[in-house]
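Single-structure report; data block below.
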Amino acid sequence: MHYVVTAIDNKKSMHMRKIHLIFISVLIVFSFLSTQAQIFKKVPKQYSLEIGPRNLFSYSNITLNNSQGFGGLFDYAWQLSGFDGTKNASFISVPMGYTILPGNDAATKRISMLNYGWTVRHELARNKKIIPFVGYGLFLNDLKIKGTEGSVFGHQTEFDFGLNFNTRTRLKYFVKLQYSYTSYPRFNEPKRIKLHYADLRLGVRF
């Protein structure tokens, strides 16, 4: 009889231990998820607005007479590193831009480009008034030619170098030079349309 009672007590003890372990595990998981949620909410965000001229200096497999244009872009970024100021800051962002190339003469059809995608930006210094940075971006680029029905989607790869100018306020001004390579498919044609262009952009971050 004593052994039966002991066995029952042991089973109850093991059962209570399991419940206790499950309870502790749930608390640990809940605490971890809460901490992660707080960290995610505290990740600094940054908005950027930029405008500037574009120079289309090279193209192939298309007839164009559009070399100069003007465009702008809005950018929504999350900071990835450099939170405490001991490392250089880096950002990942979701940009959307629009550019118009009106043509070099009245007979030239206007070209417009809508682009959106992802960019990564790395600052090359910290805790200074002027911060150099480099960036890399991958975009979808929607090309439209005035008077032509429809549009064509292509892939745009972008590289940029610029300078951030810190102020005593939240605003940061910047200037950058960027190069882009864009290619578009052609219907029933093996060779793609290829465009090379450079942009000079002035902007503000906040």
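Numerical summary
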| read-out | value |
| --- | --- |
| Matching residues, the stretch 93-123, being within 14 Å of Glu158 (Cα to Cα) and of a type in the set (Val, Ile, Thr) | Val94, Thr119, Val120 |
| Scan of the stretch 53-97 for residues that are of a type in the set (A, V, I, L, M, F, W, C), within 22 Å of Val175 (Cα to Cα), out of contact with any Phe, Trp or Tyr (no Cβ under 7 Å at 6 or more places or on another chain) and exposed (fewer than 15 other Cβ atoms within 10 Å of the Cβ), ordered by number | Phe70 |
| Subset of the stretch 140-165 that is of a type in the set (Ser, Thr, Tyr) and in contact (Cβ under 8 Å) with a residue 12 or more places away in the chain - its residue that is surrounded by the most Cβ atoms within 10 Å (Cβ to Cβ) | Thr157 |
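Every read-out reported here was derived from the displayed coordinates using simple, explicitly stated rules and does not represent laboratory data. Bear in mind the structure is a predicted one, so any value in this text is a computation, not a measurement. Positions of Cβ are generated from backbone atoms using ideal geometry, with glycine treated the same way; all protein chains shown enter the neighbour counts.
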